[in-house]
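The values are calculated or read from the model by the stated rules, or taken from the named source; none is laboratory data. Keep in mind it's a predicted model, so treat the numbers as computed, not measured. Cβ sites come from the backbone with ideal geometry, for glycine too, and all protein chains shown count toward neighbours. Heavy atoms of the whole protein, side chains included, go into the accessibility calculation; ligands, DNA and RNA do not. Shrake-Rupley method; radii C 1.70, N 1.55, O 1.52, S 1.80 Å.
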Amino acid sequence: MHLKPAQVANMFAQSSLSSTELRRIAIELKELAWKKKEEERKKEREEYHAKMDEQIDEINETLRNMQRIAKQTEALLEISNRRQRSNRETLELGEESKKDV
């Protein structure tokens, strides 16, 4: 229930509370409002951290995929290098056999 300041003032004016009691109530209300704001901030921080954790997980997954691709690329490069060496050796053997003839 949200009360407007004028409504609160009227309620206090109609009450038989002393000014000291009214001050104490006002202080308690301020403390409650502060606690509520703190809880909201805490919830926002938790949501922010959860979102950051989610993004970190996505980045880690991307990095794992990149590492997997890099390993596959290295393997393909090694296969390609072996083929080139084999082709070179075959060509060299072919040239040597032509010299022998």
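Toward the positive end of the charge dipole of the range 52-101, with +1 on the Cβ of Lys and Arg and -1 on the Cβ of Asp and Glu, the farthest Cα among Thr62, Leu76, Asn87 is that of Asn87.
Excluding Gln67 itself, what net charge comes from residues whose Cβ is under 13 Å from its Cβ, given Lys and Arg +1 and Asp and Glu -1? The partial results should precede the final answer.
Numbers: positive: Arg64, Arg68, Lys71; negative: Glu61, Glu74.
Local net charge: +1.
Axis of helix 19-100 versus longest Cα principal axis of the chain: the two differ by about 0°, to the nearest ten degrees. Within the accessible surface of the chain, defined with a 1.4 Å probe on protein heavy atoms only, the carbon and sulfur portion equals 55 percent. Computed over protein heavy atoms with a 1.4 Å probe, the accessible surface of the chain works out to 97 Å² per residue.
The number of Lys pairs in the chain with C-alpha atoms less than 23 Å apart, excluding pairs fewer than 8 positions apart on the same chain, is 11. Taking the Cα centre of the chain as reference, the dipole from Cβ charges on Lys and Arg (+1) and Asp and Glu (-1) amounts to some 480 debye. Just to confirm a number: summing +1 for Lys and Arg and -1 for Asp and Glu over residues other than Arg24 whose beta-carbon lies under 12 angstrom from that of Arg24, what do you get? Local charge sum for Arg24: -1. Taking 7 Å steps out from each Cα toward its Cβ at Glu39 and Ala6 produces label points 3.0 nm apart. Taking label positions 7 Å along the Cα-Cβ direction at both Arg23 and Leu76, the computed distance is 7.9 nm, reported to one decimal.
Given the DSSP H assignment, sum -39500 (n - 2.57) over each helix run of at least 4 residues in the chain and divide by its residue total; what's the result at 222 nm in deg cm²/dmol, nearest 500?
On the way: 2 runs with 92 residues, N = 101.
The helix contribution divided over the chain gives -34000 deg cm²/dmol.
Counting only alpha carbon atoms, the long axis of helix 5-14 and the longest principal axis of the chain meet at about 30°.
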